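Asker: Take this structure, written in structure tokens, and hold onto it; I'll ask about it next.
Every number here is computed from the coordinates shown, using simple stated rules; none is lab data. Treat the numbers as computed from the prediction; the structure is a model and nothing was measured. Counting neighbours? That spans all protein chains shown, and the Cβs are built from the backbone with ideal geometry, glycine included.
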Amino acid sequence: MTPKIKSYQNLVALVDALLDSEGDLIANLANVSALLFEHIDKLNWVGFYLKKGDDLVLGPFQGKVACSRIPLYKGVCGKAMQDQQVINVPNVLDFPGHIVCDHASRSEIVIPMVVNGHAIGVLDVDAPIFARFDDVDAQYLSEIVDLIIKKLPDAFNQEA
Ligand code: SME
């Protein structure tokens with residue numbers, strides 16, 4: 001097992017335990033973003049955007065001040081919402097329609113939060129270096145999003 005996988009397995013266990021101790025959505029998203037920012041190296045921004053009407057609205061995050069509102073299907077976040085798939089962008093400067101929030105960002109991975117077939121938000125993770133993310137990041141960040149959705153059914157039944 002690689003150190004990266006071991007570190008992610010530890011992180012998944014921490015998120016799992018965190019979600020057992022509190023049922024509030026915002027409190028949990030805030031603490032999950034803090035955990036990810038602390039435990040995953042070479043990041044400049046981690047956070048959640050949640051669907052509200054025709055926009056994605058900024059949720060709990062760690063990093064510099066970011067765009068408060070993104071039109072639903074714009075940018076990398078919007079593409080992940082639309083496709084309901086993880087989007088891994090090795091060079092954000094090459095991504096058509098990328099929305100610049102932190103000028104330091106060079107690569108990014110976005111995981112959609114899909115509940116009952118509906119994308120209700122995203123986890124957005126940004127790095128200040130090119131090609132920061134790989135399939136291991138995609139796998140474990142998706143596992144963390146799945147845990148959030150499975151362990152907070154009451155919070156998401158209202159959103160979906
Ligand atoms: N880069 C995103 C916008 C959000 S910020 O990175 C925090 C995008 O194009 O979807």
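Asker: In whole Hz, what ³J(HN,Hα) sequence does region 40-49 give by Karplus (6.51, -1.76, 1.60; θ = phi - 60°), x for Gly and Pro?
Answerer: Running phi through 6.51 cos²θ - 1.76 cosθ + 1.60 with θ = phi - 60° gives 9, 7, 6, 10, 10, 7, 9, x, 10, 10 Hz.
Asker: At most 16 other Cβ atoms within 10 Å and a DSSP loop assignment: could you name the chymotrypsin sites (Phe, Trp or Tyr not before Pro) in region 30-90 that fit? Intermediate results must be reported in sequence, preceding the final value.
Answerer: Working: sites: PHE37, TRP45, PHE48, TYR49, PHE61, TYR73; in loops: TYR73.
Here the sparse-neighbourhood loop sites are TYR73.
Asker: If you place +1 on the Cβ of every Lys and Arg and -1 on the Cβ of every Asp and Glu, how big does the dipole about the Cα centre of the chain come out, in debye to the nearest 20? Intermediate values should be presented prior to the final figure.
Answerer: Values: 13 positive and 21 negative charges, 62 e Å.
With only Lys, Arg, Asp and Glu charged at Cβ, the dipole is about 300 debye.
Asker: Let me ask something additional. For region 33-39, just list the computed ³J(HN,Hα) in residue order, Karplus coefficients 6.51, -1.76 and 1.60, θ = phi - 60°, integers in Hz, with x standing in for Gly and Pro.
Answerer: 5, 5, 4, 5, 5, 6, 9
Asker: Here is a further query. So which trypsin sites (Lys or Arg not before Pro) in region 12-84 end up in coil per DSSP with only 11 or fewer other C-beta atoms within 10 Å?
Answerer: Here the sparse-neighbourhood loop sites are LYS42.
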